[in-house]
Amino acid sequence: MLRSGRCSISYYKVACQLYSTISRFSHVEPLRNGSVDTFRQQAFAPAKPALLPRDHFRDLPALKKWFEPSPNMPTACQLNASYLSSYGETLLPLELTRENLSNGADSVSSFEQLHAPLNFFIEWTRQHQRSASASTPSTAPAGRLYLAQAQVSDLPSPLRADLPTPALVTLASKGDVYDTNVWIGLAPTYTPLHRDPNPNLFVQLAGRKTVRLFTPDIGADVFRSVQTRIGAAGGGGGSASMRGAEMMQGAERRVLEAEVWGSGEWEEGRAGAGLEAHLEAGDGLFIPKGWWHSIKGVGEGVTGSAAFRSIGGFGNGAHAPQYAGGLPSELPPGAKHVCFATHRLHNRMALDTKRKQVSKRATARVAELLTLGAHNAATRLRDCASTAAMSQPNSKNAEQSEAASNDEPRT
């Protein structure tokens, strides 16, 4: 039975939150309730992964305003284009993955990160879903686009208001600065095994995702083992905290995915060493600092997620080494807000001068890279790209600096 006004199935929830579908992975334990004290005592303080009670985040405005049920796939979601298109000029980070249609060993032939307007992503998603629901699909653009790690702080203010920081983060902390990132794409989506330098409250906004986790020591063993194996064959070199091309294509993707999602070598003598969680819209998962995890978007339609992280680790006294110049460690917690905000403002001012050229270059690049199946689909996407390129975007989004992109965690 469908939940009222939601894009998910209720019976799936009951089964998947109680136990894993694969015996070698233990289930992530749910908290007995969603109070701040329970979260602090059972999850945050012991640094233990935990599921929030089912539907704990169902009242986040983004769940209802950004997504809507798909008329062609009753158990799936689609983007709420009528609402989101009002902010269509906003530049967002996208990932373009193209599949290898040959019988070669690699399933992904190319991976590229770029920026493009939100309207372009909306139109691409609409065309792809329309083609998927047709009896003879032929109009879908080639390749797959994934809106990956968009910073909520860089979105227009109405969209920022749709994703307020949950009380669990603000009240369980000691007042550090918080950052939120968003991921939206058509299932299947994939994030390789990695670790974050900060605690992560991962909230599902739409669709379904499966998360697999490892302790810091086991995850490090798995990652090192993969790097050694592919390094010997001339591959490797990927970063444990960087969603780069090495992780997303070629030998590293293939071997990492097999280790985590197939019958990997790590499990020998380590029964139950991995954890698994299944999330639907409104669910939340706490991922402690340093825990390794890999995530897959499953099912049909659009899947969306948000990660709420603190710069200092939910107020645990740590500081933010990721940003150019760093933050002075001797600053008291209250002063870190001002220091970080000033530092970020300078970064934005420097990046903002690139907005116009980035918008034109991004829309042209996406149109060039995507091979469109039908003439009418191609025309609509080109019109969308052309309109966005000629306009002056109101968003302060721009290309991230190389230094920032090298240090930001990828989830």
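So, in segment 139-164, how many residues would count as being modelled with pLDDT under 95, in a helix (DSSP H, G or I) and more than 14 Å from T90 (Cβ to Cβ)?
Looking only at that region, the number is 0.
Could you list, in sequence order, the residues of segment 201-219 that are surrounded by 24 or more Cβ atoms within 10 Å (Cβ to Cβ) and closer than 15 Å to A277 by Cα?
Pass one, segment 201-219, residues surrounded by 24 or more Cβ atoms within 10 Å (Cβ to Cβ): 201-209, 213-214, 219.
If the condition is that a residue be surrounded by 24 or more Cβ atoms within 10 Å (Cβ to Cβ) and closer than 15 Å to A277 by Cα, then L201, F202, V203, Q204, G207, R208, K209, L213, F214 are the ones that fit.
Suppose we keep only residues that are out of contact with any Leu (no Cβ under 9 Å at 6 or more places or on another chain) and acidic (D, E) within segment 52-69. Which one would you say is nearest to R208 (Cα to Cα)?
The selected residue is D55.
Determine whether segment 54-62 contains at least one residue that is part of a helix (DSSP H, G or I) and either modelled with pLDDT of 95 or more or among the hydroxyl-bearing types (S, T, Y) (or both).
Within segment 54-62 (the criterion being part of a helix (DSSP H, G or I) and either modelled with pLDDT of 95 or more or among the hydroxyl-bearing types (S, T, Y) (or both)), the answer is yes, since at least one residue qualifies.
Just need a number here: residues in segment 292-309 that are of a type in the set (A, V, I, L, M, F, W, C), surrounded by 22 or more Cβ atoms within 10 Å (Cβ to Cβ), under 23 Å from G262 (Cα atoms) and under 14 Å from the mean Cα position of the chain (by Cα).
1
Failed condition for R224, given (1) surrounded by fewer than 22 Cβ atoms within 10 Å (Cβ to Cβ); (2) at pLDDT below 85; (3) among the basic types (K, R), with all others met?
(2)
Yes or no: D106 at pLDDT below 85, acidic (D, E) and assigned to a loop (DSSP other than H, G, I, E, B)?
Yes; evaluated as a whole, the condition is true for this residue.
The values are calculated or read from the model by the stated rules, or taken from the named source; none is laboratory data. None of these values were measured; they are calculated from a predicted model. As a convention, Cβ positions derive from the backbone with ideal geometry for all residues, glycine included, and neighbour counts pool all protein chains shown.
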